[in-house]
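To start, the structure itself, in structure tokens.
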Amino acid sequence: QVQLVESGGGLVQPGGSLRLSCAASSSIFNILFMGWYRQAPGKQRELVARFTGSSSTNYADSVKGRFTISKDNAKNTVYLQMSSLKPEDTAVYYCNTVPPGLRLWGQGTQVTVSS
């Protein structure tokens, strides 16, 4: 059974950067397209970044130009580089396949953007 473990979150000031990591327990990245989701308090979970092909990507308008998704197939790890962070980026961030596998949701990693 594949498990996804997110890490790298934390508290950062507006304008700062963070890099999130998502480690998979087995190699699924070459088979399934991965994405990063986030859920802010009181809001629905949303997809913010995804792979649409082996190297092509797509981003939500709210993060376009600030977030970058990447992967290391050899390490079974997907990354989310976040820069120019804003308070509205505060959320729990999750990785999952696109569309999401219900049994693949992990604990997520908390990102808090605040001065």
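Figures for the structure shown
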| item | result |
| --- | --- |
| Rounded accessible area of Phe33 (nearest 10 Å², 1.4 Å probe) | 90 |
| Net charge, Ala40 excluded, C-beta distance under 13 Å - Lys, Arg +1, Asp, Glu -1 | +1 |
| Summed residue charge, Cβ within 11 Å of Cys95's Cβ, Lys/Arg positive, Asp/Glu negative | +2 |
| Förster radius 30 Å - calculated FRET efficiency between Ser114 and Thr57, Cβ distance, rounded to 0.05 | 0.60 |
| Cut-off 14 Å between beta-carbons: net charge of the residues surrounding Phe51, Lys and Arg +1, Asp and Glu -1 | +1 |
| Selection of trypsin sites (Lys or Arg not before Pro), segment 44-105, meeting DSSP coil and at most 12 other Cβ within 10 Å | Lys64 |
| Nearest-0.05 FRET efficiency for Leu102 and Gln81, computed from C-beta distance (R0 35 Å) | 0.80 |
| Average Cα contact separation per residue, the chain, under 8 Å, 6 or more apart, as relative contact order % | 37 |
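The values are calculated or read from the model by the stated rules, or taken from the named source; none is laboratory data. These numbers were taken from a predicted model, which means no experiment stands behind them. Neighbour counts run over all protein chains shown; Cβ positions are idealised from the backbone, glycine included. These accessible areas exclude ligands, DNA and RNA; they are computed on the full protein's heavy atoms, side chains included. Shrake-Rupley method; radii C 1.70, N 1.55, O 1.52, S 1.80 Å.
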